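Each value in this text was obtained by applying a stated rule to the coordinates, not by laboratory testing. Remember, predicted model here, so these are calculated numbers, not experimental data. Here the Cβ is made from the backbone with ideal geometry for all residues, glycine too, and neighbour counts use every protein chain on show.
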Amino acid sequence: MPRTLFDKIWDAHVVRSIEGGQDVLYIDRHLIHEVTSPQAFDELAARNLELFRPSQIIATADHNVPTQNQHLPIEEPLSRSQVDKLTENCQKYGIELYGLGHQRQGIVHVIGPELGLTQPGLTMVCGDSHTSTHGAFGAVAFGIGTSQVAQVMASQCLLLSRPKRMRISVEGELQPGVTAKDIILYVIAQLGTGGATGHFVEYAGSAIRALSMEGRMTICNMSIEMGARGGLIAPDDTTFAYVEGRPFAPQGEAWDAALGYWQTLYTEEGATFDTEYTYAAADIAPMITYGTNPGMGIPITGHVPSEVPATEAESFDKSLKYMGLQRGESLLGKQIDYVFIGSCTNSRIEDLRTVAAYVQGKQKAGHVEAIIVPGSKQVEQQAIAEGIDKVLAAAGFELREPSCSACLAMNEDKIPAGKYCVATSNRNFEGRQGPGSRTLLASPLVAAITAVQGRIVDITEYLN
Amino acid sequence: MERFQTLRSTAVPLPLENIDTDQIIPARFLKATTREGFGDNLFRDWRYNPDNSPKADFALNNPRYGGQVLVAGKNFGCGSSREHAAWALYDYGFRVVVSSYFADIFRGNALNTGLLPLQVSDETLGRLLAAIHADPALEVVVDLPSQTLAVPAWGETFSFAIDPYKKECLINGYDDIDFLVNQKSAIEAFEKQRAWAW
């Protein structure tokens, strides 16, 4: 029977199936960070269990670290102790740690791909819902809870029931000013924030194929925002070219063998999906969100919906009240206070290049605070090597040090209550960027233009 | 993990959809390195004003409502994978969350915490929310072995689905680690035939 890409990878990792439908699924790579791992290490210690395969775990500090003065001890005592705990645990159990100050430190979903840890055909997990990012390489990658982090530490396996399969195809060519971020914000707006619950999504179609690896990562990254268990894209020459030569990529004969296998990783003709959607790339405009979940997105020139189903009215109006917006309102002309460019969705070198290319020779609006947080030390170094840091500084943008930063506001980078922030991150939930903060999700290009104009504009009129 | 079998309780209504885990427990409270104490900050920014005074109109602060069952709108627990959300609900005293569907990661985290995610139809959810609002003394009876939610005042019983393995785990207080660690020889055999992959 013809199989989907997802099923090929899943099937190759089933150690055994148990009664009732659950599979013991083998996990190739486990990424950990300071926030969702300490209780898992405690669980192992409390049960007197060994860490089964320490060499298959890579650790970094990203969620709860500052974006300034990373060479100094972390000032905030609780954050410092959480990061210290990770260092202690990694030493105790023999886990490779790319901590603060390390040349390989960065957001866990940025460093996996750039180090070549992320490869086609692997199963990968992390105690973070955006683990789906790695699916861009044709890996089955998904976020897990801390109890599951402990399970993988103890056995390198998880007990899971197989999700349903969904395929989302985007066909044709994108309009000017439309990027990978706009594609995924559009898809989430179509399906809603729970529209893919219970499914693993394969993204396909010519518009997806045409994307760079970084664009594909942005797409897969936000799969969770429509409830999907994960998302993936069949690997192709773009994928192989990206992986080749990276520190953890297979070399020599191992590379040839890996490549031979990776080329078998695609959905066969006639394989069936539980759910399928197809969209035309030409229908997608530059997007922005107006509400408090990522499904509440509209074209930047559009209007906040006037009508919603009666059952959703209470949640909808609560959301608009929080955002200080009205039903039917246009966002054009709305003054913006902050611009945040960063997070595992959009903090890679191509994102920084997009911003730099737009702001070169321009100035951010006087009332806007514009913060750029690179996804990793390597991205930061690359930006400096290309002179992007100087372009950004000249335009009034602050280039910080790598961290999850204002995406979830665990560190000092918070948006004040009531202020509007156009953010390239993945969530616009109430308080996500700090208590009372108002987040509008958009692409790095939209963010850069907004920072310069100081308000929401039809960006297609401002393209370079 | 504590065992869960049956529970008779009043319920707290939260008639909002898409309640994300950032609302259940905001990220700034995730700096702790133990599992305890998250209940104090459950629904922190909906429950308290910035000056830490309680918001009177929030269900958890309303003396009319109480009990170990939370009844909430569809797509409960979406967003971040933080298991701290399930710990916060459990630590506060909830043992069951009723909704018309749950986000996948939250559902798994709840089951691993000993908190039962109980899925009912949209219609039943709507009726329950309205009935609790009208009569906060309304009791529900959750019986895991028979997979039923009963509303004695209505004389009605609804069945719910749960994975048979997870049901046994919850009834007996077992968790997946015990099971997986006992699979070591099968896992090692599997690794040998996949050794080329890493």
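General remarks:
- Taking 31 Å as the limit for the C-alpha separation, the pairs A:318/A:390; B:31/B:55; A:318/A:377; B:74/B:184; A:164/B:192 exceed it in the case of A:318/A:390; A:318/A:377; B:74/B:184.
- Chain A, relative contact order [Cα under 8 Å, separation at least 6], %: 18 percent
- Within the straight-line cut-off of under 17 Å between alpha carbons, the aspartates and glutamates reachable from residue A:414 are A:62, A:75, A:76, A:337, A:369, A:398, A:401, A:430, B:22, B:45, sequence neighbours fewer than 8 places apart in one chain being disregarded.
- In region A:237-396, the DSSP beta bridges split such that about 50 percent are antiparallel, to the nearest 5.
- With neighbour counts taken as other beta-carbon atoms within 10 Å, the residues A:320, A:78 rank, fewest first, as A:78, A:320.
- Summary value for region B:1-108: 37 percent relative contact order, contacts being C-alpha pairs under 8 angstrom separated by 6+ residues.
- Kyte-Doolittle at least -0.5, axis length at least 20 Å by Cα - qualifying DSSP helices, chain A: none
- Beta bridges assigned by DSSP with both partners in the protein assembly as shown are antiparallel in approximately 30 percent of cases.
- Cα centroid separation, region A:19-54 to region A:181-245 (Å): 27 Å
- Separation of alpha-carbon centers, region B:131-184 and region B:83-99, rounded to whole Å: 14 Å
- All aspartates and glutamates inside 18 Å of residue A:8 as judged from Cα atoms, apart from same-chain residues fewer than 8 positions distant: A:23, A:28, A:202, A:236, A:268, A:269, A:274, B:191
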